[in-house]
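Trainee: One structure coming up, written as structure tokens, with questions to follow.
The values are calculated or read from the model by the stated rules, or taken from the named source; none is laboratory data. Fair warning: this is a prediction, and the values are worked out from it, not measured in the lab. We place every Cβ from the backbone using ideal geometry, glycine too, and count neighbours over all the protein chains shown. Note: areas computed on protein heavy atoms with side chains; ligands, DNA, RNA excluded. Shrake-Rupley method; radii C 1.70, N 1.55, O 1.52, S 1.80 Å.
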Amino acid sequence: MPQSPPTAPATATAEVSTARRWASLAVLSASLLVVTMDLTILNVALPDLAADLRPSATEQLWIVDVYSLALAGLLISMSALADRWGRRLVLLAGFAVFGGASAAVLLVDSPAEVIAARALLGVGGAMIMPTTLSLLRSIFTDPGERATALGVWAGVSAIGAAVGPIVGGALLEHFSWHAAFLVNVPLMLGAILAGALILPEARDPHPGPWDLVATLLSVGGMVGLVWAVKRFAEETSLLDPLGWMVLAAALALLVAFLRRCLRAESPLFDVRLFAGRSFTAGVVAALAAMFAMAALLLLLAQWLQLVEGHSPLAAGVHLLPIAGGGLVASLLAPALAKRIGARLVLSGGLAVAGLGAVALGVVPGDLTYLTAALSMALVGAGAGSLAIASAMIMAGSPPERAGSAAAAEETAYDLGTVLGVAVLGSLAAVVYRSRLDTADLRAAGLPADLEAQAEDSLGGAVAVADAADLPGLATRAAEAFTDSLATTGVIGGLVMLAVAVVVYRTAPADLDITVQQH
């Protein structure tokens with residue numbers, strides 16, 4: 001079983017020079033940019049990939065879903081492994097895995113092989129994402145400096161998610177879908193070289209024995225939980241018996257995992273961190289913010305392309321207000337927190353994001369891009385305030401538990417994204433179907449299968465309208481989808497406003513993120 005050397009240093013301490021600290025931040029942020037960009041770039045490449053390899057509907061779902069399944073299942077285990085073997089070592093190995101999986105796309109010629117490559121990308125992502133955060137905790141020992149570094153880290157993350165569709169659209173205008181994967185290869189090679197030269201090593205000096213049972217429980221529980229949520233979303237029904245069976249089994253495994261960690265002297269994941277109010281408030285904020293924002297980003301991307309008529313590249317450009325709001329807010333948040341308090345900045349940021357989402361449905365008149373851009377900027381600003389959530393989480397955890405803290409935060413991001421797309425995405429689908437009136441078309445002889453295709457999605461309705469020469473159907477579908485976007489924005493915004501109140505009441509009033517809580 002893997003053990004760390006007994007003489008290993010606990011953290012990168014003050015011996016790390018100022019120049020090396022900020023150079024390390026550049027390396028960690030750049031690597032995170034690549035991974036977050038890859039999360040959204042597939043949305044643009046998927047149509048070309050499907051046209052080339054012709055996956056079945058089930059295979060196409062697995063191409064999309066397997067990345068998040070692998071990521072969710074391995075975040076905790078990879079963070080614990082990094083604490084034992086060395087965070088830099090695991091991070092560099094993650095770069096190699098991510099780059100290798102991206103290069104493997106040159107060899108694939110079937111949907112099954114693409115699924116395998118995407119799963120391997122998820123493994124690499126699970127090695128990279130929490131380790132960048134735990135290394136920041138180790139390198140920046142001063143809480144004030146760390147808050148600033150986390151602001152930059154959060155800003156880069158926001159940029160990556162927004163830039164992904166732009167990069168993907170630009171590549172697909174000149175190259176095949178393979179380019180959406182291959183772009184990672186030179187970036188990962190550069191990250192390996194820079195990381196090996198610049199990043200210091202850090203690990204827990206006394207991690208205890210590796211708990212194989214806890215590892216299996218965490219992997220099985222998280223994969224099952226994410227799969228069940230996605231299953232309910234894909235079936236657009238809560239009556240699916242298989243989904244409930246898997247969900248029950250996943251929850252049982254996770255309960256067993258938490259009980260085992262609570263009893264262990266050196267747990268795989270330190271559940272006791274949640275006893276800290278600032279830590280809990282930060283995790284709740286990350287989970288809830290991603291719940292609302294992930295679904296809205298997906299719906300807005302579809303609205304820009306299928307309702308407003310933009311190309312994938314132009315749609316990506318029109319999504320930039322999210323990145324702009326996130327970048328500005330994440331850089332300003334640490335300084336603002338020093339003046340008015342971390343609790344107020346984080347809860348206020350969530351409230352701003354909530355109001356931005358609600359604006360999609362309450363601004364009078366038809367939804368225009370101007371309203372959508374304002375909404376996106378406010379939602380992005382709320383996302384930027386999550387830099388304070390990261391600082392609260394890291395300030396609420398000791399250096400040797402940086403892996404557990406990072407795993408908790410990244411799991412909150414991933415689980416929030418999955419739940420948001422599933423719950424709010426399903427809600428949007430229900431509203432869309434309820435608002436789309438096809439009764440007269442059915443009476444005029446529209447075949448039942450085409451009617452079902454039109455009711456299934458806006459893209460399906462546009463395809464049916466083109467094939468059957470029914471321009472009125474496309475117009476009705478666009479109006480129905482816009483209504484569903486507005487309704488989802490209101491509900492998602494109300495969720496964020498409610499969580500803003502919860503975070504405000506949970507976080508300590510006198511919390512200072514420039515002072516270490518442990």
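Trainee: Please work out which residue is modelled with the lowest pLDDT, limiting yourself to segment 284-314 and to residues that are over 30 Å from Ser347 (Cα atoms) and of a type in the set (A, V, I, L, M, F, W, C). Working first, answer last.
Mentor: Our first condition is that a residue be over 30 Å from Ser347 (Cα atoms); within segment 284-314, this holds for 305-314.
Still in the list and also of a type in the set (A, V, I, L, M, F, W, C): 306-307, 313-314.
Numbers: Leu306: 82, Val307: 87, Leu313: 78, Ala314: 83.
Per the stated criteria, the residue is Leu313.
Trainee: Which condition from (1) without any contact (Cβ under 8 Å) to a residue 24 or more places away in the chain; (2) open to solvent by 30 Å² or more (accessible area, probe 1.4 Å) is the one that Ala228 breaks?
Mentor: That leaves (2) as the condition not met.
Conditions (1) under 18 Å from Leu327 (Cβ atoms); (2) surrounded by 24 or more Cβ atoms within 10 Å (Cβ to Cβ); (3) among the basic types (Lys, Arg); (4) at pLDDT 85 or above, marked per residue:
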{"position": "Gly124", "(1), (2), (3), (4)": "no, yes, no, yes"}
{"position": "Pro130", "(1), (2), (3), (4)": "no, yes, no, yes"}
{"position": "Trp153", "(1), (2), (3), (4)": "yes, no, no, no"}
{"position": "Val163", "(1), (2), (3), (4)": "yes, no, no, no"}
{"position": "Gly169", "(1), (2), (3), (4)": "no, no, no, no"}
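Trainee: Are any of the residues in segment 24-45 surrounded by 22 or more Cβ atoms within 10 Å (Cβ to Cβ) and over 21 Å from the mean Cα position of the chain (by Cα)?
Mentor: Checked against the condition, which is being surrounded by 22 or more Cβ atoms within 10 Å (Cβ to Cβ) and over 21 Å from the mean Cα position of the chain (by Cα), segment 24-45 yields at least one hit.
Trainee: Right, something else. Residues Leu89, Leu106: which one is under 18 Å from Leu189 (Cα atoms), at pLDDT below 90 and over 21 Å from the mean Cα position of the chain (by Cα)? Before you say what the answer is, go through the steps one by one.
Mentor: Details: Leu89 fails: at pLDDT below 90.
When all the criteria are applied, what remains is Leu106.
Trainee: Moving to a separate point now. Name the residues in segment 296-342 that are in contact (Cβ under 8 Å) with a residue 40 or more places away in the chain, open to solvent by 20 Å² or more (accessible area, probe 1.4 Å) and either basic (Lys, Arg) or closer than 19 Å to Glu479 by Cβ (or both), would you?
Mentor: Across segment 296-342, the qualifying residues are Ala301, Gln302, Leu306, Val307, Glu308, Lys338.
Trainee: OK, next. When the residues of segment 87-118 are narrowed to those that are touching a Phe, Trp or Tyr at 6+ places or on another chain (Cβ under 7 Å) and open to solvent by less than 30 Å² (accessible area, probe 1.4 Å), which ends up farthest from Val27 (Cα to Cα)? Spell out the reasoning first.
Mentor: So in segment 87-118, the residues touching a Phe, Trp or Tyr at 6+ places or on another chain (Cβ under 7 Å) come out as 102, 105, 115, 118.
From what is left, the residues that are open to solvent by less than 30 Å² (accessible area, probe 1.4 Å) are 102, 105, 118.
Values: Ser102: 20, Val105: 25, Arg118: 24 Å.
The selected residue is Val105.
Trainee: So Asp366 fits all but one of (1) in contact (Cβ under 8 Å) with a residue 60 or more places away in the chain; (2) out of contact with any Leu (no Cβ under 8 Å at 6 or more places or on another chain); (3) assigned to a helix (DSSP H, G or I); what number is the exception?
Mentor: The single condition Asp366 does not satisfy is (3).
Trainee: Considering only residues that are farther than 19 Å from Val223 by Cβ, surrounded by 17 or more Cβ atoms within 10 Å (Cβ to Cβ) and of a type in the set (Phe, Trp, Tyr), which ones fall in segment 239-295?
Mentor: Answer for segment 239-295, where residues must be farther than 19 Å from Val223 by Cβ, surrounded by 17 or more Cβ atoms within 10 Å (Cβ to Cβ) and of a type in the set (Phe, Trp, Tyr): Phe279, Phe291.
Listed here are the residues, each with its yes/no results for (1) among the small types (Gly, Ala, Ser); (2) without any contact (Cβ under 8 Å) to a residue 40 or more places away in the chain; (3) open to solvent by 10 Å² or more (accessible area, probe 1.4 Å).
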site: Ala389; (1), (2), (3): yes, no, no
site: Ile393; (1), (2), (3): no, no, no
site: Ala407; (1), (2), (3): yes, no, no
site: Thr411; (1), (2), (3): no, no, yes
site: Thr438; (1), (2), (3): no, yes, no
site: Glu451; (1), (2), (3): no, yes, yes
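Trainee: In segment 463-510, which residue that is at pLDDT below 85 and of a type in the set (Asp, Glu) is surrounded by the fewest Cβ atoms within 10 Å (Cβ to Cβ)?
Mentor: Asp469
Trainee: Within segment 51-86, which residues are farther than 17 Å from Val35 by Cα, open to solvent by less than 40 Å² (accessible area, probe 1.4 Å) and not small (Gly, Ala, Ser)?
Mentor: If the condition is that a residue be farther than 17 Å from Val35 by Cα, open to solvent by less than 40 Å² (accessible area, probe 1.4 Å) and not small (Gly, Ala, Ser), then Leu53, Pro55, Ile76, Leu81, Asp83, Arg84 are the ones that fit.
Trainee: Out of all the residues in segment 456-483, which are in contact with a Phe, Trp or Tyr (Cβ under 8 Å, 6 or more places away or on another chain) and of a type in the set (Asp, Glu)?
Mentor: Hit for segment 456-483 is Asp483, nothing else.
Trainee: Could I ask something else about it? Would you tally the residues in segment 139-151 being of a type in the set (D, E, K, R) and open to solvent by less than 10 Å² (accessible area, probe 1.4 Å)?
Mentor: The first filter runs over segment 139-151 and keeps only residues of a type in the set (D, E, K, R), leaving 142, 145-146.
From the residues that got through so far, the ones that are open to solvent by less than 10 Å² (accessible area, probe 1.4 Å) too are 146.
Residues that pass the stated criteria total 1.
Trainee: Within segment 398-441, work out how many residues are under 26 Å from Gly73 (Cα atoms) and not in a helix (DSSP H, G or I).
Mentor: 1
Trainee: Could you tell me how many of the residues in segment 43-73 are closer than 10 Å to Arg118 by Cα and modelled with pLDDT under 75?
Mentor: The number of residues fulfilling the criteria is 0.
Trainee: Ok, one more. Determine, yes or no, whether Ser385 is at pLDDT 80 or above, closer than 21 Å to Met293 by Cβ, buried (at least 24 other Cβ atoms within 10 Å of the Cβ) and of a type in the set (Ser, Thr, Tyr).
Mentor: Values: at pLDDT 80 or above: yes; closer than 21 Å to Met293 by Cβ: yes; buried (at least 24 other Cβ atoms within 10 Å of the Cβ): yes; of a type in the set (Ser, Thr, Tyr): yes.
The answer is yes for Ser385.
Trainee: Within the set of pairs 6+ apart or on separate chains, which have a first residue in segment 211-224 that is assigned to a helix (DSSP H, G or I), a second that is of a type in the set (Asp, Glu), and C-beta atoms under 7 Å apart?
Mentor: Qualifying pairs under 7 Å: none.
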